[in-house]
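Presented below is the structure to which this report refers.
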Amino acid sequence: MKQFLLASVGLVAIGTVAASAADIPRRVVPPAQPVVAAPVFSWTGPYVGINGGYGWGTSNFSAPFATGSFDLSGGLVGGTLGYNYQVGQAVFGLEGDLDWSGIKGSAACAGTRCETRNNWLSTVRGRLGYSFDRFMPYITGGLAVGDIETNVAGIGGGRDTKAGWTVGGGIEAALNGPWSAKLEYLYVDLGRGGTVLGSDAEFKSHILRAGLNYRF
């Protein structure tokens, strides 16, 4: 009888524990959250901007009474307008700019002084870049248009608008929002101009400038 009572108590205890365990709420596992991919940056679209920098080069001055070569240097500042189209990582673009230019130089010639200066410079260039997400190196080249002004002290001066060519390259980086910044180098050759009294001058310049663009 004693053994029967002990067995009964044991069965009751086991049943009580099992019932209590059944009443414990199970831990709810939250559903897996979908993975959201970061948006892919694109260079496609139009943009406007400002640019400024420094130019240096040489001018070969030719006149009936004197010839010579002297250095040119000066600053530039102006505006930019362009459009990019991205295919994969390749970025195709067209860019134009118009700058005020203070690139000039002078030297003694035949007892007087000869000067060459460039007052404005514009380029229309194709661009080919390679996108590393928000960073893009590029090469560029196309048409360059500007004036070549010559002055011979005590005699007179002349000015011509000349069309030449330009080639170069640069890097552009996307900043916060629609802004991007660039640094570029251009080599510009406008040929010869500024004819006065049978004289003219050659204009060739290296240009290093920075720019800030707003993309739409």
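If you wrap a convex hull around the alpha carbons of region 119-166, what volume per residue comes out, as a whole number of Å³? Display every interim value, and only then the final one.
On the way: hull volume 4.1 nm³, N = 48.
Hull volume normalised by residue count: 86 Å³.
Mind ordering 135-146, 176-187 by average Cβ neighbours within 10 Å, highest first?
135-146, 176-187
With an 8 Å cut-off on Cα pairs and a minimum separation of 6 or more residues, tell me the relative contact order of region 45-215 in percent. All intermediate terms of the calculation are to be shown ahead of the outcome.
Details: 539 pairs, mean separation 40.0, N = 171.
With pairs under 8 Å counted, the relative contact order is 23 percent.
Take the Cα radius of gyration of region 45-215 and divide it by 2.2 N^0.38 Å, with N its residue count; two decimals is plenty. Mind showing how you got there, number by number?
On the way: Rg = 18.1 Å, N = 171, 2.2 N^0.38 = 15.5 Å.
After normalising by residue count via 2.2 N^0.38 Å, the value is 1.17.
Please work out the Cα center distance from region 77-108 to region 150-216, rounded to the nearest Å.
If we compute the Cα centre of each part, the gap is 9 Å.
Arrange the following residues from fewest to most other Cβ atoms within 10 Å of their Cβ: Phe216, Phe70, Phe61, Phe41.
Details: Phe216 8, Phe70 17, Phe61 24, Phe41 13.
If I rank by nearby Cβ atoms, fewest first, I get Phe216, Phe41, Phe70, Phe61.
Which value in Å is the Kirkwood Rh of region 140-190 over different Cα pairs?
Values: mean 1/r = 0.0728 Å⁻¹.
Result for region 140-190 stands at 13.7 Å.
No value in this document is a laboratory result; all are computed from the given coordinates. Every value quoted in this text rests on a predicted model; they were computed, and no experiment measured them. Neighbour counts are summed over all protein chains in view; Cβ atoms, including those assigned to glycine, are modelled from backbone coordinates with ideal geometry.
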